[in-house]
Amino acid sequence: MGYTYILRNMTGTTHQMIALTTAFWVLLSYPVSLGPILAIIAIFAVMIGALTPDLDQPTANLFRRTLGGKAAHKLFSAVSGGHRHFTHSILGIGAVALLFHWIIFQFIQPAFHPQAFIILFAFMIGYISHPIADTLTDQGVPWLWPLHWNIKIPPGPEELRVTTGSFVELFLVRGALVVVAFLLLSGHWQMLIGLFK
Ligand SMILES: [Zn+2]
């Protein structure tokens, strides 16, 4: 059939929806109360984390829309080895976590470390959900970078994976995410409310 993959790569919106759904799921297992301000920052951290692995894409919004973005993008791409390499690998995930860990210890007062680590944890939930989701697309993910082996699920047939911006992504995948998020939360709304208390 002419339909190559169902998802080519995912858009930022879908990645953010997947990240938030993942975060709800984590919250169900580990309910926390962060207070309103930290809770809102943590939610944004989840969404920013979900977008960060694709900053090595030439079309990354953050770079297109900010001053000096092109130069920053060139530097970022040079360091990361191009799209879907370093940033989507186990090595990359570890490096990003270590980098922020170091930044927290280096630049943030110890009194604020608990909050900083909650934000980092939220960011990493979003970040890690991204390559997991990309694994379901036709390009796959080089989890073991620098080994050139793109891991895809399912490995075949190609028709089962997903193409970016397609009807399947925009309606089926996102629709399914809304349903999953709702099912996760139904009966657990107090847990979401508790996050802000
Ligand atoms: Zn990606």
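The values are calculated or read from the model by the stated rules, or taken from the named source; none is laboratory data. What you are looking at is a predicted structure, and each value in this text was computed from that prediction instead of being measured. In this analysis, Cβ positions are derived from the backbone assuming ideal geometry, glycine residues included, and neighbour counts consider all displayed protein chains.
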>> Residue pairs, Cβ under 7 Å, 6 or more apart or interchain, first in the range 111-133 and of a type in the set (Ser, Thr, Tyr), second modelled with pLDDT of 95 or more and surrounded by fewer than 21 Cβ atoms within 10 Å (Cβ to Cβ). List them.
In response: Tyr127/Ile93; Tyr127/Val96
>> Would you confirm, using the coordinates I've provided, whether Ala133 is within 16 Å of the ligand (Cβ to nearest atom), modelled with pLDDT of 90 or more, under 23 Å from Val46 (Cα atoms) and outside any loop (DSSP other than H, G, I, E, B)?
In response: yes
> Out of curiosity, is His85 within 16 Å of the ligand (Cβ to nearest atom), within 16 Å of the chain's Cα centre (by Cα) and at pLDDT 90 or above?
Replying inline: no
>> Can you say whether Ala50 is within 15 Å of the ligand (Cβ to nearest atom), at pLDDT 90 or above and touching a His at 6+ places or on another chain (Cβ under 7 Å), as far as the supplied structure shows?
In response: yes
